[in-house]
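Notes follow once the structure below has been shown.
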Amino acid sequence: MKQIFIERREKLIRIAVRNEERLQECFIEKITKEPYFGDIYKGVIKNIVPAIKCAFIDIGYEKNCYMYLDKKFNNLKFKKNQEILVEVLKESTGEKGPKVTNAITIPGRYVVLETLNKNLSFSKKIYNNEFKEYIKKYIQMPDELGVMIRTNAQKVSIDIINKEIKNLYETYKCITKEFNYSSKLKLIYRGQDIISKVLRDVLDEYTETIIVDNEKDYEFINDFLKFSEDVNCLVKLHKNRKTLFNYYGIEKEILELRNKKVYLKNGANIVIEKTEGMYVIDVNSAQNIKESSIKDTALSTNIEAALEIGRQIKLRNLSGIIIIDFIDMDNVDDKRKIVEILTESFKEDKNKTVIYPFTELNLVQIARRQKGKSILEYIEEQCECCGGTGKQLSFLFLTNLIKNEIFEKCYELNTKDIYIEVSNVYKENIMSDVYKFIQDIGCLDKSIYVNFVNNLDYFKVEPLIFSKQIEKMQKFKIFG
């Protein structure tokens, strides 16, 4: 059965989804004022570059957004200085501003309202023609908007579907009203936060429990479930002093995502690398020597790898172009089987994913639509010591881990003096605002000693119990 874990911190919301005790998906959102996927802004077109069919739009953010111009989006007649309503498709990365579109959508759990057409359409995963005819007969369509029926709609009554359409339409009218009567460039509609998105897209009839550590989230989810006929799950409030992710062992599983190499049960492994333009996944037989022939070894390795690759892509939220180098196989049926396994693994994926057949070089190509950042973009950051060519654990993520470790080792002892060893690459982060660091690790009532060490991968936390220990560590004292 499926379990959903939701951990809220001051600057971070993290959601983990487990299925049959294995981590399947992980969602992270930093609480900032940056434009997020699904946000709707009032903007003004600052420049149009015909050579690249692109418009650059000011939405009041520090970077201009960019929008591709295409006949299918009905945006070829836009002019410079024209005010426009846009929806964020892709968050800002590096020097690049957010990617936006004028094709506004208002998504719900059962339907999506669309502004570029007035048609009724259905998810490609809906094959039941009787259901389609039933919806066409009884649906209550808004006058100026299109409606796309989502797969979840098959599990609820038409009354629930029409009620959601009515609610979403009211939201749309509020958006257009604010756009028309506001003179400022600004955020008009915050695309639902990550919790709402997970409840909308991930929650299903197989979900057994949702575990949260925040009372407001607990109440919000219970209210949401009252209007969701297709699910029946238990919501639990985590009250243990240990953080939610630490208590259930999820923290360790997330840290393992930093590893490029993933080991498979049969002794084989896969290696996931990121290049400038794509992800490359290499499959290796390694210690898989159980089969009696090279052909059988290749097939068994590739089957096991295909199963894990589907999981890793969703878990790490990899997107764009993904190239998989499987072990060479000549049999056409074997190749077809591998593609079928990959296809099945993305069956419930809400990101549009296209899997192409084997090339002549035994490569499989996957194109996956981007929704948000990859997990590593949240837990890693550029390493300044190597000129930005390497990665290190993000400082925000590190402070959470240190806080967890302090609780593990020092809470029961009621220790007042705590020694921390941490890589010297974080020295400026800590020493530039010591009070903030101490506050973030929950130690304002303690004395903290920090030793900055070269070439330390993570960190070390030790309670100082004896007076000789405390005296010896005085040179490292930064607080208390």
Out of the residues in region 407-438 that are at pLDDT 90 or above and among the β-branched types (Val, Ile, Thr), which is surrounded by the most Cβ atoms within 10 Å (Cβ to Cβ)? Ile418
Check Tyr36 against each of (1) over 16 Å from Tyr172 (Cβ atoms); (2) modelled with pLDDT of 90 or more and name the one condition it does not meet. (2)
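Can you confirm whether Asp143 is at pLDDT below 95 and either open to solvent by less than 40 Å² (accessible area, probe 1.4 Å) or touching a strand residue (DSSP E or B) at 6+ places or on another chain (Cβ under 9 Å) (or both)?
Values: at pLDDT below 95: yes; either open to solvent by less than 40 Å² (accessible area, probe 1.4 Å) or touching a strand residue (DSSP E or B) at 6+ places or on another chain (Cβ under 9 Å) (or both): no.
Against the criterion (at pLDDT below 95 and either open to solvent by less than 40 Å² (accessible area, probe 1.4 Å) or touching a strand residue (DSSP E or B) at 6+ places or on another chain (Cβ under 9 Å) (or both)), Asp143 does not qualify.
The rows are residues; the columns are (1) within 20 Å of the chain's Cα centre (by Cα); (2) among the charged types (D, E, K, R); (3) at pLDDT below 90.
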{"residue": "Phe245", "(1), (2), (3)": "yes, no, no"}
{"residue": "Tyr248", "(1), (2), (3)": "yes, no, no"}
{"residue": "Asn266", "(1), (2), (3)": "no, no, yes"}
{"residue": "Val271", "(1), (2), (3)": "no, no, no"}
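Here are Glu377, Glu344: which of them is open to solvent by 50 Å² or more (accessible area, probe 1.4 Å), of a type outside the set (S, T, N, Q) and either modelled with pLDDT of 85 or more or in a loop (DSSP other than H, G, I, E, B) (or both)? First the steps, then the outcome.
On the way: Glu377 fails: either modelled with pLDDT of 85 or more or in a loop (DSSP other than H, G, I, E, B) (or both).
Unique residue meeting the criteria: Glu344.
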Cβ pairs under 6 Å, 6+ apart, first in region 149-168 and in contact (Cβ under 8 Å) with a residue 12 or more places away in the chain, second open to solvent by 40 Å² or more (accessible area, probe 1.4 Å) and assigned to a helix (DSSP H, G or I): Ile158/Tyr138
For region 316-333, name all the residues that are hydrophobic (A, V, I, L, M, F, W, C) and either surrounded by 14 or more Cβ atoms within 10 Å (Cβ to Cβ) or touching a helix residue (DSSP H, G or I) at 6+ places or on another chain (Cβ under 7 Å) (or both). Leu318, Ile321, Ile322, Ile323, Ile324, Phe326, Ile327, Met329
How about region 51-88: which of its residues are aromatic (Phe, Trp, Tyr), open to solvent by 60 Å² or more (accessible area, probe 1.4 Å) and more than 15 Å from Ala103 (Cβ to Cβ)? Phe56
So which of Thr359, Thr297 is open to solvent by 20 Å² or more (accessible area, probe 1.4 Å), modelled with pLDDT of 90 or more and polar (S, T, N, Q)? Thr359
Matching residues in region 27-59 (in a loop (DSSP other than H, G, I, E, B) and under 30 Å from Leu199 (Cα atoms)) number 10
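Yes/no per residue for (1) closer than 18 Å to Leu315 by Cβ; (2) open to solvent by 80 Å² or more (accessible area, probe 1.4 Å); (3) not polar (S, T, N, Q):
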{"position": "Glu208", "(1), (2), (3)": "no, yes, yes"}
{"position": "Asp213", "(1), (2), (3)": "no, no, yes"}
{"position": "Glu219", "(1), (2), (3)": "no, yes, yes"}
{"position": "Val235", "(1), (2), (3)": "no, no, yes"}
{"position": "His238", "(1), (2), (3)": "no, no, yes"}
{"position": "Arg241", "(1), (2), (3)": "no, yes, yes"}
{"position": "Tyr248", "(1), (2), (3)": "yes, no, yes"}
{"position": "Glu251", "(1), (2), (3)": "yes, no, yes"}
Quick one: is Ile40 in contact with a Phe, Trp or Tyr (Cβ under 6 Å, 6 or more places away or on another chain), surrounded by 19 or more Cβ atoms within 10 Å (Cβ to Cβ), closer than 25 Å to Leu255 by Cβ and hydrophobic (A, V, I, L, M, F, W, C)? no
Could you list all residues from region 450-480 that are of a type in the set (A, V, I, L, M, F, W, C), under 20 Å from Tyr426 (Cα atoms) and not in a strand (DSSP E or B)? Leu456, Met473, Phe476
For region 12-37, how many residues are open to solvent by 70 Å² or more (accessible area, probe 1.4 Å), aliphatic (A, V, I, L, M) and in contact (Cβ under 8 Å) with a residue 24 or more places away in the chain? 0
Kindly establish whether Phe224 is more than 30 Å from Thr93 (Cβ to Cβ), open to solvent by less than 60 Å² (accessible area, probe 1.4 Å) and among the aromatic types (Phe, Trp, Tyr). yes
Qualifying residues in region 283-329 (those that are within 17 Å of the chain's Cα centre (by Cα) and of a type in the set (S, T, N, Q)) - the one farthest from Ile15 (Cα to Cα): Ser319
Just for region 265-293: of the residues that are open to solvent by 20 Å² or more (accessible area, probe 1.4 Å) and of a type in the set (A, V, I, L, M, F, W, C), which one is farthest from Phe5 (Cα to Cα)? Ile289
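The values are calculated or read from the model by the stated rules, or taken from the named source; none is laboratory data. Because the structure is predicted, anything quoted here is derived from the model rather than measured. Every residue, glycine as well, gets a Cβ built from its backbone with ideal geometry; the counts of neighbours run over all protein chains shown. The accessibility values were calculated without ligands, DNA or RNA, using every heavy atom of the protein model including side chains. Shrake-Rupley method; radii C 1.70, N 1.55, O 1.52, S 1.80 Å.
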